[in-house]
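Some notes on the structure that comes next.
The values are calculated or read from the model by the stated rules, or taken from the named source; none is laboratory data. All values reported here derive from a predicted model rather than from experimental measurement. Cβ: placed from backbone, ideal geometry, glycine included. Neighbour counts: every protein chain shown.
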Amino acid sequence: MDGLSAAYSPFHYHGVARSLIISFKFGSVLDAGILLSKTMASEIKGLFFDAIAPVPLHPKRLNERGFNQALTLCELIGKENNIPVMEPLIRVKHTKQQAKIRKTSNRCKNVDSAFLIKEDVSGLHILLVDDVRTTGATARACAQTLLKAGAKEISLLTAAVAPHKEGKTTI
């Protein structure tokens with residue numbers, strides 16, 4: 001799994017779940033994020049993580065959206081499950097949106113060297129959080145950066161798993 005020890009997701013990316021994610025991510029509808037986070041928190045109830053961390057946005061994309069949906073989900077899930085939130089990664093490369101890239105290999109290239117460490121993660125089991133997982137390229141790039149910096153283990157929690165346009169879902 002290229003750096004990820006486990007991956008959790010309560011929904012498939014369609015129907016109501018897809019609508020909630022789009023409303024939250026692009027419409028800043030906090031109630032949608034709260035509903036998603038409650039279900040995500042239930043998905044990992046009883047599991048131990050030293051910290052929960054969002055997939056970071058590049059400052060340009062953060063400025064466009066006004067918030068990082070993954071960070072908001074982390075804060076809500078962390079509060080619900082009593083897991084400390086940390087932001088150990090920064091996105092240093094402004095990448096094309098992964099949803100607009102078809103091939104898995106191109107998605108991997110897109111996020112190659114996109115992340116750097118800004119906090120000590122030595123020995124920590126970190127739960128990485130994002131809204132949607134398609135090929136897992138972004139999550140793997142984050143996980144590999146965290147592991148190289150000394151993290152013990154990286155797990156992934158997303159609100160939904162989307163079928164990739166090539167017809168398969170991977171992590």
Just the residues that are over 18 Å from residue 40 (Cβ atoms) and in contact with a helix residue (DSSP H, G or I) (Cβ under 7 Å, 6 or more places away or on another chain), please, taken from the range 141-163. 141
Flag for residue 32 being touching an Asp or Glu at 6+ places or on another chain (Cβ under 6 Å), farther than 12 Å from residue 128 by Cβ, modelled with pLDDT of 95 or more and crowded, with 16+ Cβ neighbours inside 10 Å: no
Options 21, 52; residue that is under 21 Å from residue 67 (Cα atoms), touching an Asp or Glu at 6+ places or on another chain (Cβ under 6 Å) and buried (at least 18 other Cβ atoms within 10 Å of the Cβ): 21
Quick check on residue 87: is it under 15 Å from the mean Cα position of the chain (by Cα), surrounded by fewer than 18 Cβ atoms within 10 Å (Cβ to Cβ) and modelled with pLDDT of 95 or more? yes
Mind listing whichever residues of the range 96-131 are surrounded by 19 or more Cβ atoms within 10 Å (Cβ to Cβ), modelled with pLDDT under 95 and β-branched (Val, Ile, Thr)? 101, 111
The lone exception for residue 140 - which of (1) within 22 Å of residue 67 (Cα to Cα); (2) more than 9 Å from the chain's Cα centre (by Cα); (3) not hydrophobic (A, V, I, L, M, F, W, C) it fails: (1)
Output for Cβ contacts, cut-off 7 Å, separation at least six or different chains, first residue in contact (Cβ under 8 Å) with a residue 24 or more places away in the chain in the range 61-79, second among the basic types (Lys, Arg) and surrounded by 14 or more Cβ atoms within 10 Å (Cβ to Cβ), reads 69/25
Only one of 71, 47, 20, 30 that is out of contact with any strand residue (DSSP E or B) (no Cβ under 9 Å at 6 or more places or on another chain) and aliphatic (A, V, I, L, M): 30
If you take the residues in the range 1-17 that are of a type in the set (A, V, I, L, M, F, W, C) and in contact with a strand residue (DSSP E or B) (Cβ under 9 Å, 6 or more places away or on another chain), which one is modelled with the lowest pLDDT? 1
Of the residues in the range 1-12 that are part of a loop (DSSP other than H, G, I, E, B) and of a type in the set (A, V, I, L, M), the one that is nearest to residue 70 (Cα to Cα) is 4
